[in-house]
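Peer 1: Okay, handing you the structure first.
The values are calculated or read from the model by the stated rules, or taken from the named source; none is laboratory data. As the structure is a computational prediction, the values presented were derived from the model and not from experiment. Virtual Cβ from ideal backbone geometry, glycine too; neighbours counted across all protein chains shown. All accessible areas refer to the heavy atoms of the entire protein, side chains included, with ligands and DNA or RNA removed. Shrake-Rupley method; radii C 1.70, N 1.55, O 1.52, S 1.80 Å.
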Amino acid sequence: MEELEINGVVPELSGRELKQLIVQEFWYEGVCEEEANVVYLNVGNTWYRLYFDCGIVFWRHDITDFENEHIIKFDETSYKFRDLGNELNIAGSQIISCETEAIENGSKVTFSLNGRSGIVFKCIGDDTSWET
């Protein structure tokens with residue numbers, strides 16, 4: 001297994017409230033090719049952007065407004081924003097921990113939440129998905 005590489009500063013999320021969790025899906029010719037191309041987290045009124053590329057985990061501070069963004073389209077491709085926080089009923093949960101680890105052919109980030117199912121973002125190869 002390869003060594004874990006993180007680009008950017010992992011924010012201190014433990015004990016903080018997950019206010020919103022939005023994923024940007026990547027669609028090609030009407031088919032969802034990547035469930036979590038980019039993950040946006042609003043924690044303590046600060047937006048963070050989490051994404052993966054070839055097993056590298058990237059963390060960035062972000063300034064984002066999802067009020068008017070739902071779909072971005074280019075010819076055969078589109079990016080759709082999905083509100084997983086509300087859909088999975090985890091918005092408002094307290095983050096117990098955020099663990100990052102290398103896995104075979106990639107990496108994953110696991111969020112454990114107080115009193116609710118956690119969520120895992122996993123990148124294998126160059127495909128990022130999520131699971132509860």
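Peer 1: Name every residue in region 38-54 that is among the hydroxyl-bearing types (S, T, Y) and under 16 Å from E12 (Cα atoms), in order of residue number.
Peer 2: Correct list: Y40, T46, Y48.
Peer 1: Is it fair to say G118 is more than 11 Å from the chain's Cα centre (by Cα), within 26 Å of I6 (Cα to Cα), open to solvent by less than 30 Å² (accessible area, probe 1.4 Å) and modelled with pLDDT under 90?
Peer 2: No: the conditions fail for G118.
Peer 1: Which of (1) more than 22 Å from E12 (Cα to Cα); (2) within 13 Å of the chain's Cα centre (by Cα); (3) surrounded by fewer than 18 Cβ atoms within 10 Å (Cβ to Cβ); (4) not hydrophobic (A, V, I, L, M, F, W, C) does E35 not meet, given it meets every other one?
Peer 2: Unmet for E35, out of (1) more than 22 Å from E12 (Cα to Cα); (2) within 13 Å of the chain's Cα centre (by Cα); (3) surrounded by fewer than 18 Cβ atoms within 10 Å (Cβ to Cβ); (4) not hydrophobic (A, V, I, L, M, F, W, C): (3).
Peer 1: Could you list, in sequence order, all residues of region 121-130 that are in a strand (DSSP E or B), over 10 Å from the mean Cα position of the chain (by Cα) and farther than 12 Å from L4 by Cβ?
Peer 2: Across region 121-130, the qualifying residues are I124, D127.
Peer 1: Which one of T64, T128 is at pLDDT below 90 and in contact with a Phe, Trp or Tyr (Cβ under 6 Å, 6 or more places away or on another chain)?
Peer 2: T64
Peer 1: Could you check, for region 17-32, whether at least one of its residues is polar (S, T, N, Q), touching a His at 6+ places or on another chain (Cβ under 9 Å) and either under 21 Å from I95 (Cα atoms) or without any contact (Cβ under 8 Å) to a residue 40 or more places away in the chain (or both)?
Peer 2: no
Peer 1: Collect the residues in region 72-112 that are in contact (Cβ under 8 Å) with a residue 40 or more places away in the chain, β-branched (V, I, T) and in a strand (DSSP E or B), keeping them in residue-number order.
Peer 2: Listed by number, the residues that qualify are T77, I95, I96, T100, I103, V109.
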